[in-house]
Amino acid sequence: MAVEELQSIIKRCQILEEQDFKEEDFGLFQLAGQRCIDEGHIDQLLEVIQNEKNKVIIKNMGWNLVGPVVRCLLWNNKEDDKRKYFLMLDLLIKLCNPKELLLGLLELIEEPSGKQISQIILLLLQPLQTVIQKLHSNKAYSVGLALSTIWSQLSLLPVPYSKEQIQTDDYGLCQCCKALIEFMKPFLEEVTDERENSLENEKLKDELLKFCFKSLKCPLLTAQFLEQSEETENDPLRCFASEIIGFLSAIGYPFSKMIFNHGRKKRIWNYLEFEEEEDKQLADSLASLAYLVFVQGISIDQLPMVLSPSYLLQFNMGHIEVFLQRTEESVFSKGLDLLENSLLRIEDNGLLHQYLEIKSFLTVPQGLVKVMTLCPDETLRKKGLAMLQLYINKLDSQGKYTLFRCLLNTSNHSGVEAFIIQNIKNQIDISLKRTHNNKWFTGPQLISLLDLVLFLPEGAETDLLQNSDRIMASLNLLRYLVIKDNEHDNQTGLWTELGKIENNFLKPLHTGLNMSKAHYEAEIKNSQENSQEVQKSKEFCSVTVGGEEIPNMPPEMQLKERNPGLSGPQADAPTAEPNWPGQQTPTFYNGLQAKRHSTLEEILSLTYKVFTTQTSLKK
């Protein structure tokens, strides 16, 4: 029945001129063709398509059959049927109007979701390439439309991040990336072989450039690559990245100019849309490009050998800043790797302080602080800490001094501040051992820095537990200065400022400790009263968390835990060391979960040591 209907429509249309085809004819042809496919009359439909007498009809109406044929290819597992469907698809691509085919193929690519995305793209890339090559006008627009549609669909697929996921490629992203390279090559050859730079040729270059930038952002920005020690040719995403970088150079945009152009007002491309999307897309794309070149080493041999390490760092800092502003661990870990790669090229103390006048040289260490304090992954926290220390080591003395002041004012984190204070102590120690003192860590400059260190943010009412890391680091530094720099030499200038330090830091700290002690005494008294009531009732109060009842700590245990916090400082108590970022310690990452009395004991002990050391040296 379906075959007869199709033959009837064909006979009626054969006697009509092309311009006389009606909309009704298109609908009837599509309906009859669809029924032939559904009922399995594949051979009869192939005969209709191959018949030379139907050439004009197929040219105008045949594109309507592409969708049903493609769906059969995706769902039909019979090899003989699939062979016939492939033949039918090839004939339709060859005979039908390319403009109508282009729109139809792109609609088919936009339809699926999940794992079907890669299946349809892999199936239609070759036909799509053939259709575009048949177009005689607006080829650049058609290439851009096709690449944009494909990229939009591929951006929905999860990017594999482990070796196993790359090898299994469950969602087909890696296969699609490989196929896309082959899809683009004819158009790349077209713009590179063109002897004259026609307007259409320049537009095609712009479309290819846009897709290269989009690919650098997705999937390459978040992609994880196999270790370089392994066979790199087995890493499809790395191969895709290498091809994209090669395309940039081939169409006249060498990656070296791209990387070093970031942040400048003058652009090296003329396409207006790139100017408008600079902040939205290009920053991520160029950062991804810098990582691929410097960390992965892709095409790095094309960089000029005369570039100094400081020059490379200067341009990479903008890209590192972009990485650290992202929230995905896979992205800002690349920022840490790029920073490490750039810093290791520079000698210790070789980075001039003038570089800190560039915004990114201060925002990057602030970004590292966020990684150290907010990242849930311990490995990345430790890497962030190591990179901040490496960055400090590379700065000259004035640069270190400037950075310390910046981070003390902006970090707002006791553990980070303790880390900075320890670094200040190390620089003072180095300075005191030199023949010629470093003016930045002795004398008036040091005193100005100590004003940021030896103080309590809210005076005696400062939360000692919340600021315990910073306070203990400050006390350690003060005790070190009192011991190492005697009053007669006074190289650091500490002894002339000791009265101010006592009034602004030690005395408020002592008052704060007494207030905490009084608070604990009140709590103990309250616990004793509760204990007497409990002895009578033999019942404990409880709290409910998540629907489960959790009993309170018995009063006897509460008293046992609180009493040590009221004991006086012991002369032989060990000097407390602060908890650095990157360590898995309760005070730094998990809140102040350690017993509060032990923290107060450490502060009391260290305060006692400072007072006794200062008094003995004065005598």
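The values are calculated or read from the model by the stated rules, or taken from the named source; none is laboratory data. None of these values were measured; they are calculated from a predicted model. As a convention, Cβ positions derive from the backbone with ideal geometry for all residues, glycine included, and neighbour counts pool all protein chains shown. We work out accessible area using only protein heavy atoms, side chains counted, and drop any ligands, DNA or RNA first. Shrake-Rupley method; radii C 1.70, N 1.55, O 1.52, S 1.80 Å.
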Among the listed pairs K139/K217; K55/K82; K185/K334; K370/K394; K139/K203, which are separated by more than 19 Å between their Cα atoms? K139/K217; K55/K82; K185/K334; K370/K394
Packing-based order for 240-247, 391-398, 42-49, using average beta carbon neighbours within 10 Å, highest first: 240-247, 391-398, 42-49
What's the ranking of 351-358, 137-144 by average number of surrounding C-beta atoms within 10 Å, highest first? 137-144, 351-358
Where the only charges are on Cβ atoms (+1 Lys, Arg; -1 Asp, Glu), what is the dipole of the range 321-456 about its Cα centre, to the nearest 20 debye? 260 debye
For the range 144-240 the trypsin sites (Lys or Arg not before Pro) that pass both the DSSP coil test and the at-most-14 other-Cβ-within-10 Å test are R195
From the square roots a ≥ b ≥ c of the eigenvalues of the alpha-carbon gyration tensor of the range 390-503, which class results: rounded (a/c under 1.5), prolate (a/b over b/c), or oblate? oblate
Quick tally, 1.4 Å probe accessible area for M88, M515, sorted with the most first, runs M515, M88
Accessible area (Å², 1.4 Å probe, nearest 10) - E111: 110 Å²
What distance in nm separates the simple spin-label points at S308 and K517, each placed 7 Å from Cα in the Cβ direction? 5.8 nm
Accessible area of L446 in the full protein assembly, 1.4 Å probe (Å², nearest 10): 0 Å²
Please list the non-local residues whose amide H lies under 5 Å from the amide H of L395, H modeled 1.01 Å from N, same-chain partners needing a gap of 5 or more. N349, L351
For a quick protection proxy, order the peptides 425-433, 79-87 by their average other-Cβ count within 10 Å, most packed first. 425-433, 79-87
Of R12, R470, which has the most accessible area with a 1.4 Å probe, and how do the rest follow in descending order? R12, R470
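Let me know the shape class of the range 50-125, please: from the alpha-carbon gyration tensor, a ≥ b ≥ c as square roots of the eigenvalues, rounded when a/c is under 1.5, otherwise prolate if a/b is greater than b/c, or oblate.
Here the range 50-125 falls in the oblate category.
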Take the residue pairs K115/K205; K115/K214; K22/K134 and return only those whose Cα atoms are more than 29 Å apart. K115/K205
Relative contact order (%) - the range 326-479, alpha-carbon pairs under 8 angstrom, separation at least six: 23 percent
Along the range 330-338, Karplus-curve 3J(HN,Hα) (6.51, -1.76, 1.60; θ = phi - 60°) to the nearest Hz, with x for Gly and Pro, reads 5, 8, 6, 5, 5, x, 5, 5, 5
Between K439 and E189, with labels modelled 7 Å along Cα→Cβ, what's the label distance in nm to one decimal, could you check? 6.7 nm
What do you reckon, how do V3, V69 stack up by accessible area (1.4 Å probe), largest on top? V3, V69
